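The values are calculated or read from the model by the stated rules, or taken from the named source; none is laboratory data. Quick caveat: nothing in here was measured; it's all calculated off a predicted structure. When we count neighbours, we look across all protein chains shown, and the Cβ atoms used for this are built from the backbone with ideal geometry, even at glycine.
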Amino acid sequence: MGEAFRVEKDAMGEVRVTADRLWGAQTQRSVDNFPIGVPRFRWDRPVIRALGLVKLASARANARLGVLPGDKAQLIERAAREVVDGTLDAEFPLVVFQTGSGTQSNMNANEVIANRANQIAGGKLGAKSPIHPNDDVNLSQSSNDAFPAVMHVALVEAIDARLLPAVDRLVETLAAKSHAYSDVVMLGRTHLMDATPVTLGQVIGGWAAQFDETRRFVAAARDALHPIALGGTAVGTGLNAPRGFAEAVAGELAVLTGKPFVPAADKFAALSAHDAVVNASAAVRTLSGAAMKVANDVRWHASGPRAGLAEITIPDNEPGSSIMPGKVNPTQCEALTMVAARVFGNDATVAFAGTQGNFQLNVYKPVMLHAALESVELLADALASFDLRCARGIEPRRERIRANLERSLMLVTALNPHVGYENAAKIAQKAHRDGTTLREAALALGLVSAEDFDRWVDPAAMTRPGN
């Protein structure tokens, strides 16, 4: 027996839809016309939730302004709440690579909510009564202002719920490690070459500070996403939206999400350009650059265990080779750096797509949202995993650190104020050429006494100003 269908209608005619599906004709046309990226690039939970929130807030705003009867608003709200809560996720089958305005995803939400509302009211799927997807669910909106609002809501919620907490937990871990190892004096390095001493606490504290600073960039970019385009309708003029709708719907979204959403100051810019999304993507990319730097530092310091730097140990999480027994690799560092590479690629997509606004509309909205949101989610996951499975297990190898420090020629820098740069260079060059210690070279050249050398060349003191 074949699959049962019902006939749905839109402005272009009749379309067959699987009988038990809540979506309608326009959603089905998109399913049929855009088999691109299936099944890898369907919308995920934050986008579907944002669609539900926008429709729920719009129904409340329309009811408050008297353009939508209260009974209809209540039906829409009940159905939209199910979209927000995730019980209707299977009814959102559309892919990212569709119309550049996001119209089909907007209509997907309108159709699902209308059909579910009509079910709740005791009606039949496809009847469009008492709730019509365009006339009621999409009332006072256009895809051109609704989908940009979805973009902002989804990104703000993902940044707040996932990315910033992951950064905060990692910073807390690194700050604790910095305090714990504040007395571990080690060899500093610049240009990948030996430099003057630092403490391991200073090194890890620098990592924490870098993450903390780039976190502030992301938070500031998140704040720039709070203005939303709703109220602009098709081209930014607000045609078919009642006066006060922009303010009312932004206020409802703020109540529903707990985020300070406000109307965009200029609806024309809000529809034709998405610079706030471009900026958010760039901030996440900057954060991923910090992650790349720190992960690379960690794996260099942990390299070895016998022929590398081997100055710290990190957790052994899994075997590292299918042929070399006992080999263990810095896999959390590798995963984090691969995510950073993906974020850089996503940011390039968002940056280019953001330039593609023509006249009153940018038509690269879905791919911008997908790329920016994927960056947020991937980086949140990777930072959380790196924190749990790597950073928390960092430990110093004190004997190796001490040996590297004692062999360093750059300790000679402490002699600069006493014997001058050129004489200090002679000491370092002689020690390197003869394979001796700096102390032995300095005494052989007669430039300092043993007592002065021991007093002036103090690695711990060299990690502080005023030595």
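I'd like to know if the stretch 159-166 contains one or more residues that are surrounded by 24 or more Cβ atoms within 10 Å (Cβ to Cβ) and either hydroxyl-bearing (S, T, Y) or in contact with a Phe, Trp or Tyr (Cβ under 7 Å, 6 or more places away or on another chain) (or both). No, because not a single residue in the stretch 159-166 is surrounded by 24 or more Cβ atoms within 10 Å (Cβ to Cβ) and either hydroxyl-bearing (S, T, Y) or in contact with a Phe, Trp or Tyr (Cβ under 7 Å, 6 or more places away or on another chain) (or both). Taking only pairs six or more apart or across chains, which ones have beta-carbon atoms under 8 Å, a first residue in the stretch 442-467 that is closer than 26 Å to V203 by Cα, and a second residue that is part of a loop (DSSP other than H, G, I, E, B) and among the aliphatic types (A, V, I, L, M)? Listed pairs, sorted by first residue: W456/V448. Among the candidates A19, A90, the residue that is of a type in the set (A, V, I, L, M, F, W, C), touching an Asp or Glu at 6+ places or on another chain (Cβ under 9 Å) and surrounded by fewer than 16 Cβ atoms within 10 Å (Cβ to Cβ) is uniquely A19. Within the stretch 195-212, the set of residues being closer than 25 Å to N279 by Cβ and free of Cβ contacts under 8 Å to residues at least 40 places away in the same chain comprises A208, A209. For S178, are the conditions met, namely being surrounded by 23 or more Cβ atoms within 10 Å (Cβ to Cβ) and of a type in the set (S, T, N, Q)? No; evaluated as a whole, the condition is false for this residue. Screening K124 with (1) closer than 29 Å to D71 by Cα; (2) modelled with pLDDT of 95 or more gives one miss only, at (2). Restricting the first member to the stretch 328-342 and to residues that are of a type in the set (V, I, T), and the second to residues that are surrounded by fewer than 22 Cβ atoms within 10 Å (Cβ to Cβ) and assigned to a helix (DSSP H, G or I), the beta-carbon pairs closer than 7 Å and six or more apart or on different chains are T337/M292; T337/N296; V339/L378. The number of residues in the stretch 226-251 being of a type in the set (G, A, S) and either farther than 20 Å from A146 by Cβ or without any contact (Cβ under 8 Å) to a residue 12 or more places away in the chain (or both) comes to 0.
Taking only the stretch 434-467 into account, find how many residues are out of contact with any helix residue (DSSP H, G or I) (no Cβ under 9 Å at 6 or more places or on another chain) and assigned to a helix (DSSP H, G or I). Count: 2.
Kindly evaluate I312 against the criterion of being buried (at least 21 other Cβ atoms within 10 Å of the Cβ), of a type in the set (V, I, T) and more than 30 Å from A73 (Cα to Cα). Quick ask: steps written out before the conclusion?
Working: buried (at least 21 other Cβ atoms within 10 Å of the Cβ): yes; of a type in the set (V, I, T): yes; more than 30 Å from A73 (Cα to Cα): yes.
It is true that I312 is buried (at least 21 other Cβ atoms within 10 Å of the Cβ), of a type in the set (V, I, T) and more than 30 Å from A73 (Cα to Cα).
Between G244, G326, G251, the distinction of being out of contact with any strand residue (DSSP E or B) (no Cβ under 8 Å at 6 or more places or on another chain), surrounded by 16 or more Cβ atoms within 10 Å (Cβ to Cβ) and more than 30 Å from D212 (Cα to Cα) belongs to G251 only. When A50, A61, A117 are screened for being assigned to a helix (DSSP H, G or I), buried (at least 21 other Cβ atoms within 10 Å of the Cβ) and touching a Lys or Arg at 6+ places or on another chain (Cβ under 9 Å), only A117 passes. Taking the stretch 350-396 as the range and being hydroxyl-bearing (S, T, Y) and either out of contact with any helix residue (DSSP H, G or I) (no Cβ under 7 Å at 6 or more places or on another chain) or within 16 Å of Q98 (Cα to Cα) (or both) as the test, the residues that pass are T355, Y364.
Screening the stretch 228-241 for residues that are of a type outside the set (G, A, S) and surrounded by 21 or more Cβ atoms within 10 Å (Cβ to Cβ) and picking the one that is nearest to the chain's Cα centre (by Cα) gives I228.
On the given criteria, is G357 within 30 Å of V47 (Cβ to Cβ), at pLDDT below 95 and either in the same structural domain as E157 (by TED's automatic domain parsing) or of a type outside the set (S, T, Y) (or both)? Step through it out loud before you land on a result.
Values: within 30 Å of V47 (Cβ to Cβ): yes; at pLDDT below 95: yes; either in the same structural domain as E157 (by TED's automatic domain parsing) or of a type outside the set (S, T, Y) (or both): yes.
Judged against the criteria, G357 is a match.
The set of residues in the stretch 308-327 that are under 23 Å from A403 (Cα atoms) and either free of Cβ contacts under 8 Å to residues at least 24 places away in the same chain or part of a helix (DSSP H, G or I) (or both) contains only G308.
So is D223 in contact with a helix residue (DSSP H, G or I) (Cβ under 6 Å, 6 or more places away or on another chain), over 16 Å from F268 (Cα atoms) and either in the same structural domain as A276 (by TED's automatic domain parsing) or without any contact (Cβ under 8 Å) to a residue 24 or more places away in the chain (or both) or not? Answer is no for this residue.
Within the stretch 160-199, the set of residues being hydrophobic (A, V, I, L, M, F, W, C), out of contact with any Lys or Arg (no Cβ under 8 Å at 6 or more places or on another chain) and assigned to a helix (DSSP H, G or I) comprises A161, L163, A166, L170, L174, A175, A176, A180.
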